[in-house]
Amino acid sequence: MKKFILLSLFGLLVMGLTTAAYAQSVQQVIVPPSSIEKPEDVGKRFHTNVQWLANPPVSPKELPPASGYAYHTPASLACIYKLVPSADIVPGCNPNVTTVNPTGGGGAIAIVDAYDAPNALSDLQTFSSQFGLPVPSSSTFQVVYASGTQPAYDAGWEVEESLDVQWAHAMAPNAKIYLVEAASASGSDLFTAVSVASKLADVADVSMSWGGSEFSGEDSYDSYFQTPYVVYFAATGDNPGTSYPSTSPYVVAVGGTTLRTNDETGKLYEEWAWTRSGGGLSQYETWPAYQYGLKSKVGRPRGVPDVSVLADAYTGAWVYVTNQGGWNVIGGTSLATPIMAGMVNSANWLMYYGSLELLAWLYSPLSLPYFQEITNGICGPYMSSSAGPAWNICTGLGTPRRHLPCCIGIPRSCCLYTGSCTNCKGPWE
């Protein structure tokens, strides 16, 4: 039997719990072997960034959202990040009260992971049915074996894959989902899978929730993330410090936050930096042009993250994994990454743009109305860094608070740099 690492936190710190017996118990987070990096892995093998609650508040026979608990659903995150019309925003975004899901998405999102998830489609269908999302079929969800043959099975990577496909679909339910499975977690196999994913029909976004410590020569792999009209997303990791490929200047680096919730009403207090989220200054990647405005903060290295969304498992989101007992509450920057990829896909405008164009927009004044700065929380080695106004290593530029602008077919000079076209606005504005 595989051994799992348990991280404990007393009920005093647990968010979103209302029953006294449950809130007073010790809460544990499972970190699977697939999320643990060994010294000999650096530069050779990569790991997941997923973790989940050891004792979810529902049995396999119960269905989320569980009454009395405030773990997140597609509708509650759509409410928090304002992906639905303002008339459908419920004050506090209690997961047991919110019901309106995102409705956007187009083209295709490619999820790149290692090993095989045998129940990926059926688990996605269960998740979608439970939360009122369009239920995917074999025509809207496709597994691709990057090597041409079915990979071996790994329990931790299966949870990663289920999480990734379910939450990309939750944020962009009208996009096709490709699950591209690498033969193993080696760099050569995963980057081969990225190459395969980039060439699939209609792919506009590639989500990579895995990563590893930075290493000399990592920039030689940056060419994998430069396919025109494709945007690449990577998790910054679940430990202080920097992680590749999120440090690549051709990738949108996604960090994590905590959603502080009232344990009696289930309503959101505020969003804070997540203490375990990765971030910092790259050791090997240089200052990209879009970060020139951060010179006083980053000097000449690439700084990450670029943006952040929910990642803390203690305030986590529901995922269905048959081989993990059914319903689970899951977190990690592995959750944040497909959420962000889905949000961007839902905006549709990137069908004609790639990573560098998106990053240039994110670091321009044009993005300011669409993001909220996270000003509370700490992160980094020794918890030495703080969230705050403007870009910081805990949460980057902040979190989305408005449907991103839609720019399909709009000339770059119009939408990206001037923002003067009314068609650049999102559907709810």
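The values are calculated or read from the model by the stated rules, or taken from the named source; none is laboratory data. Treat the numbers as computed from the prediction; the structure is a model and nothing was measured. Reconstructed Cβ throughout: ideal geometry from the backbone, glycine too, with neighbour counts over all protein chains shown.
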Hey, could you check the stretch 35-46 for residues that are in contact (Cβ under 8 Å) with a residue 24 or more places away in the chain and not in a strand (DSSP E or B) and say which is surrounded by the most Cβ atoms within 10 Å (Cβ to Cβ)?
PHE46
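May I ask you to verify whether PRO32 is at pLDDT 95 or above and crowded, with 16+ Cβ neighbours inside 10 Å?
On the way: at pLDDT 95 or above: yes; crowded, with 16+ Cβ neighbours inside 10 Å: yes.
Considered against the rule, which asks whether it is at pLDDT 95 or above and crowded, with 16+ Cβ neighbours inside 10 Å, PRO32 comes out as yes.
If I ask for residues that are within 25 Å of HIS403 (Cα to Cα) and either free of Cβ contacts under 8 Å to residues at least 12 places away in the same chain or in a strand (DSSP E or B) (or both), which ones from the stretch 169-187 would you list?
Correct list: LYS176, ILE177, TYR178.
Among the strands (runs of 3 or more DSSP E) confined wholly to the stretch 188-301, which include 1 or more residues that are aromatic (Phe, Trp, Tyr) and modelled with pLDDT under 95?
Working: elements: 203-208, 231-235, 252-261, 268-273, 280-286.
Output list reads 268-273.
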Kindly indicate whether SER334 is within 30 Å of VAL31 (Cβ to Cβ), surrounded by 22 or more Cβ atoms within 10 Å (Cβ to Cβ), touching a helix residue (DSSP H, G or I) at 6+ places or on another chain (Cβ under 9 Å) and modelled with pLDDT under 95.
no
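Can you pull out every residue in the stretch 294-309 that is touching a residue at least 60 places away in the same chain (Cβ under 8 Å) and touching a Ser or Thr at 6+ places or on another chain (Cβ under 6 Å)?
Residues of the stretch 294-309 that are touching a residue at least 60 places away in the same chain (Cβ under 8 Å), as a first pass: 294, 297, 303-309.
Within the stretch 294-309, VAL304, PRO305, SER308, VAL309 meet the criteria.
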Criterion violated by VAL251 - all others in (1) closer than 29 Å to SER129 by Cα; (2) touching a helix residue (DSSP H, G or I) at 6+ places or on another chain (Cβ under 7 Å) satisfied
(1)
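A quick yes/no check of all residues on (1) surrounded by fewer than 16 Cβ atoms within 10 Å (Cβ to Cβ); (2) aliphatic (A, V, I, L, M); (3) modelled with pLDDT of 90 or more; (4) within 25 Å of THR322 (Cβ to Cβ):
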position: GLN51; (1), (2), (3), (4): no, no, yes, yes
position: SER59; (1), (2), (3), (4): yes, no, no, yes
position: SER67; (1), (2), (3), (4): yes, no, no, yes
position: SER76; (1), (2), (3), (4): no, no, yes, yes
position: CYS93; (1), (2), (3), (4): no, no, yes, no
position: THR98; (1), (2), (3), (4): no, no, yes, no
position: SER122; (1), (2), (3), (4): yes, no, yes, yes
position: GLN150; (1), (2), (3), (4): yes, no, yes, yes
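Would you confirm whether or not the stretch 346-353 contains a residue that is in contact with a Ser or Thr (Cβ under 6 Å, 6 or more places away or on another chain) and on the phi < 0 side of the Ramachandran plot? So that I can check it myself, show each step before the final result.
Taking the stretch 346-353 first, the residues in contact with a Ser or Thr (Cβ under 6 Å, 6 or more places away or on another chain) are none.
Looking for residues that are in contact with a Ser or Thr (Cβ under 6 Å, 6 or more places away or on another chain) and on the phi < 0 side of the Ramachandran plot, one finds none in the stretch 346-353, hence no.
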Of all residues in the stretch 102-115, which are at pLDDT 95 or above and part of a loop (DSSP other than H, G, I, E, B)?
TYR115
Can you run down the residue pairs with Cβ atoms below 7 Å, 6 or more apart or on separate chains, where the first is in the stretch 353-370 and buried (at least 17 other Cβ atoms within 10 Å of the Cβ) and the partner is part of a loop (DSSP other than H, G, I, E, B) and β-branched (Val, Ile, Thr)?
GLY354/VAL230; SER355/VAL251
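Return yes or no: is GLY105 out of contact with any Phe, Trp or Tyr (no Cβ under 7 Å at 6 or more places or on another chain), crowded, with 24+ Cβ neighbours inside 10 Å and not aliphatic (A, V, I, L, M)? Reasoning before the result, please.
Working: out of contact with any Phe, Trp or Tyr (no Cβ under 7 Å at 6 or more places or on another chain): yes; crowded, with 24+ Cβ neighbours inside 10 Å: yes; not aliphatic (A, V, I, L, M): yes.
Criteria met by GLY105.
Kindly indicate whether PRO405 is in a loop (DSSP other than H, G, I, E, B), at pLDDT below 90 and surrounded by 22 or more Cβ atoms within 10 Å (Cβ to Cβ). Write out each step before concluding.
Numbers: in a loop (DSSP other than H, G, I, E, B): yes; at pLDDT below 90: yes; surrounded by 22 or more Cβ atoms within 10 Å (Cβ to Cβ): yes.
Considered against the rule, which asks whether it is in a loop (DSSP other than H, G, I, E, B), at pLDDT below 90 and surrounded by 22 or more Cβ atoms within 10 Å (Cβ to Cβ), PRO405 comes out as yes.
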Check off (1) within 19 Å of GLY342 (Cβ to Cβ); (2) among the charged types (D, E, K, R); (3) in a helix (DSSP H, G or I) for GLU158 and give me the number that stays unchecked.
(1)
If ASP123 satisfies every condition in (1) among the charged types (D, E, K, R); (2) over 22 Å from ALA193 (Cα atoms); (3) touching a Pro at 6+ places or on another chain (Cβ under 9 Å) but one, which is the exception?
(3)
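Consider the stretch 272-315. How many of its residues are of a type in the set (S, T, N, Q), under 15 Å from VAL251 (Cα atoms) and surrounded by fewer than 16 Cβ atoms within 10 Å (Cβ to Cβ)? Steps first, please.
Going through the stretch 272-315, the residues of a type in the set (S, T, N, Q) turn out to be 275, 277, 282-283, 286, 291, 296, 308, 315.
This time we only want the ones that are under 15 Å from VAL251 (Cα atoms), so: 282, 286, 291, 308.
Restricting the remaining residues to those that are surrounded by fewer than 16 Cβ atoms within 10 Å (Cβ to Cβ) gives 286.
So the answer is 1.
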Candidates VAL180, VAL135 - the one that is touching a Leu at 6+ places or on another chain (Cβ under 9 Å), surrounded by 24 or more Cβ atoms within 10 Å (Cβ to Cβ) and at negative phi:
VAL180
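Report yes if some residue within the stretch 164-171 is among the β-branched types (Val, Ile, Thr) and either touching a Gly at 6+ places or on another chain (Cβ under 8 Å) or under 27 Å from THR242 (Cβ atoms) (or both); otherwise report no.
From the stretch 164-171, those among the β-branched types (Val, Ile, Thr) are 165; that's our starting set.
Keeping just the survivors that are either touching a Gly at 6+ places or on another chain (Cβ under 8 Å) or under 27 Å from THR242 (Cβ atoms) (or both) gives 165.
The answer is yes; a qualifying residue exists.
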Has the stretch 215-236 got any residue that is charged (D, E, K, R) and within 29 Å of TYR71 (Cβ to Cβ)?
no
